[in-house]
Structures are given as C-alpha cells and as structure tokens.
Amino acid sequence: MKRADPADISGKESTTAPDILIVDDDPGMIRALGKALRDLGHLRFSTNGSDALRLINDSPPDLLLLDAQMPGLNGFEVLETLKATPDLADLPVIMVTSLSEDGFEQAGLKKGAADFIAKPVRPAIVQARVRTQLRLKQANDVLKQSSVADRQNLDVALRDLQQSHRELLRTADELRVANESLLQFVRIASHDLREPLNTIVQFVGLVEEDHGPVLPEEARHFLRLATRAGGRMRTLLDDVVRYA
C-alpha cells in the first residue's frame, strides 16, 4: 500500500514517504493497523517472523510494528535478531501486545524495543506513537549524516595537520643542517682569523720589546694601541664562537 507524496512526519511536504513494516499473524490486526497508518507512509506487511526478517534484510524500513506473540519465530526473537545485527540495531521497533501479556513490555524494553502498543489498538494512540518514533528516526538520521560529515572534516583536518607536521620536521632538519654549517663556518673563520691576528700581535710585541727604548713616544703609543686592538679582536672572536 503506497500513497503518493504524503505529508511527512513534521507536517512538511516530502517526496519520500516513511517505510513502515507491520508484522502480525492476525490478518484482522494487520488491516486495523494498516487503516490507522495509511496516511503516514508506505506500508508493507508480513504474517510471520522469518518472512519479516527477509523483508527487513532486503530493504530495511523506517519503522517496524511487531507482534510479540506469533507462531514459529515470535516477536521477541525477531527483535533479538535485529539488535544483534549492526546494520539493523538502530531500527525502531514498536511491539504490539495484548493486555493479558503481563511482563512483555518490560522484557521488550530490555531487549531494545522503542515503544509498545496494546491490543485492541486505538487508531489515535497508534498514530501518535508511530509519529513520535518516525520523528525520532528522522532526527537520528540527520544526526548520523552530520556525524559522517564531521568525521570527514576531521579526517581532512588531520591529513592537513600531518602534512604540516611533515613540513615542519623537514624545515627543522634544514635549519639544523644550516645551523651546523654556520657553526662550522664560524669555527673555521675564527681559526683563520686568529692566525694572522696572532702574528700581528706577536710582531707588534717584538717591535715594542726590541726597539721600544729608541722609538719616539708617539710610535710607542701606536704600538700599544695596536696591541690593545689585537686583544679586543681576540675577545670578539671568542664571543662569536660562544654565540654560534
């Protein structure tokens, strides 16, 4: 049974009607539920648990109304099978029970049923509870889609972060090599500069030592300036090496 373009569960027009599967071994109950729900979506029917599981595996519905007591595979066994199947575990299931079935509601909730409808069914109650579950299903689907998009965005961000991390490591390696090269250059330059500087300072010292007494005062002053300049030059080279 399918109606063309019914209003969706939020009251807005929808091009896709919710798919509702009704499972009950009583044809009269199927007719009653179908009549109550015919305006809410596309209805499918099954009269036993095994056939219902086949239909669900072939094309999962948006909502399942499931009779608790059926010959063969009963409703609770169908529910347990669904909850044990990862792809079907989130399928909302409304159990349909008779008023005389004490404890069925508690047992069904423990097994994962979303709600219960008592027999004999009242159309207004059936419609209200089905609308509620369809709204929850719709909200859950939207949340799942958002979660998928968030995971995809997170994956993209993670890949970008990993790429940035690799580039940072590569830059750090390049800086380390450059720093080692700079340090090596400073050490070599310092050594190469020290050698002529030492020669200059030594010869200035020899001139002052051997000829200082006969040199004019002005010449001796210049020699002392040259000696002090050489000392400052040694200090500067030592500072450059320590800084490097």
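Just name the residue that is least open to solvent (accessible area, probe 1.4 Å) out of those in the range 226-244 that are closer than 18 Å to residue 209 by Cβ and in contact with a helix residue (DSSP H, G or I) (Cβ under 8 Å, 6 or more places away or on another chain).
230
Keeping to the range 142-160, report how many residues are within 13 Å of the chain's Cα centre (by Cα), of a type in the set (A, V, I, L, M, F, W, C) and open to solvent by 100 Å² or more (accessible area, probe 1.4 Å).
Total meeting the criteria: 1.
The values are calculated or read from the model by the stated rules, or taken from the named source; none is laboratory data. Keep in mind it's a predicted model, so treat the numbers as computed, not measured. FYI the Cβ positions are ideal-geometry reconstructions off the backbone, even for glycines, and counts take in every protein chain you see. Accessible surface is based on the protein model in full, side chains and every heavy atom, while ligands, DNA and RNA are left aside. Shrake-Rupley method; radii C 1.70, N 1.55, O 1.52, S 1.80 Å.
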